[in-house]
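What follows is one structure encoded as structure tokens, with my remarks underneath.
The values are calculated or read from the model by the stated rules, or taken from the named source; none is laboratory data. What you see is a predicted model, and the numbers here were worked out from it, not measured in a lab. When we count neighbours, we look across all protein chains shown, and the Cβ atoms used for this are built from the backbone with ideal geometry, even at glycine. These area figures cover heavy atoms from the full protein model, side chains too; ligands, DNA and RNA do not enter into them. Shrake-Rupley method; radii C 1.70, N 1.55, O 1.52, S 1.80 Å.
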Amino acid sequence: FKENWNDIILSVSIAFAAFLAVAVATANFFHYKHEDSPRAIWLNLAIGFGLWALSEAVWCVYYFRLDFTEVPTPSLADIGWVVGYGFFALAIYHQYVLILPSLRNRIRNIIYGISAAVLILPLVALLAMNTFTFENYINYFYSFADFAVGVAGLTLVLTFRGGMIARPWIGMVVFSVSDFLYAWATQTGIYAWAVENGNLLTM
């Protein structure tokens, strides 16, 4: 498509996909009764996806208002993306507790430890390289958070041996890998190059 329409279709399709994830997670949440343990998993996934979908929509508004130029980081969109990881962590916690209820405290402590590492490691890396800015911190945070969610999701996929219950976590793994690659491509300038040359990498 022509350049502006191409950008609009790409941006809106990503936001639309995020809202579809919200719809599916919400439908699964309402499928369970109040006393059903999986309800907590789907509630947190629905909230996490909801925050991501809102952030995608906010990013689209920024992008269109800035006449299809780069959206600054941080922006209001980053709030939903960053906070969304907290709800993904809660969903992962509830899923692990459902599988291994006797290890509830250990699982909670592991999630706390990984969450702290995801927050601290980007700061340490940037200070070590003497390149700390809030923008760089946010961008590096996404890579670490995506990696953590991806590994947790992959572990659940292996635990469920690819059965039906593994499917949401397969989705989370794909989601994490793609977002990790986006963060990496953005940091290295490959994403901007791909956009300018109109290849399939951005899709």
Check: Which of the peptides 92-100, 158-166 is most tightly packed, and how do the rest follow, judged by the mean count of other Cβ atoms within 10 Å per residue?
Finding: 92-100, 158-166
Note to self: Within segment 73-87, name every residue whose backbone N is under 19 Å away from a label modeled 7 Å from Cα of VAL61 along the Cβ vector.
What the structure shows: 73-84
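Tell me which DSSP H helices of the chain clear both cut-offs, 15 Å or more of axial length from alpha-carbon atoms and a mean Kyte-Doolittle hydropathy of at least -1.0.
3-31, 38-65, 76-99, 104-128, 134-159, 167-188
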Item checked: Furthest towards positive pole of dipole, ASN130, GLY86, LEU100, structure part segment 1-146, Cβ charges -> LEU100
Next item on the list: Can you tell me the dipole magnitude for the chain around its Cα centre, using point charges on the Cβ only (Lys, Arg +1; Asp, Glu -1), in Debye to the nearest 20?
Entry: 900 debye
Next item on the list: On the protein heavy atoms, probe 1.4 angstrom, tell me the percent of accessible surface of the chain carried by carbon and sulfur.
Entry: 69 percent
Notebook entry, point to check: Where the centre of each part is set by its Cα atoms, how far does segment 174-192 sit from segment 117-145, in angstrom?
Noted result: 15 Å
Checklist line | Filtered trypsin sites (Lys or Arg not before Pro), segment 1-79: DSSP coil and at most 12 other beta carbons within 10 Å | finding: LYS2, LYS33
Notebook entry, point to check: To the nearest 500 deg cm²/dmol, what mean residue ellipticity at 222 nm is calculated for the chain from DSSP H runs of n ≥ 4 alone, each contributing -39,500 (n - 2.57), summed and divided by the residues?
Noted result: -28000 deg cm²/dmol
Note to self: Please compute the per residue accessible area over segment 9-122 with all protein chains in place, 1.4 Å probe, rounded to a whole number of Å².
What the structure shows: 56 Å²
Note to self: Quick check: the distance between the Cα centres of segment 51-77 and segment 95-110, to the nearest angstrom?
What the structure shows: 37 Å
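If exposed GluC sites (Glu not before Pro) are those in a DSSP loop with at most 12 other Cβ within 10 Å, what is the longest stretch of the chain that has none?
Within the chain, the longest run free of exposed GluC sites (Glu not before Pro) spans 71-203.
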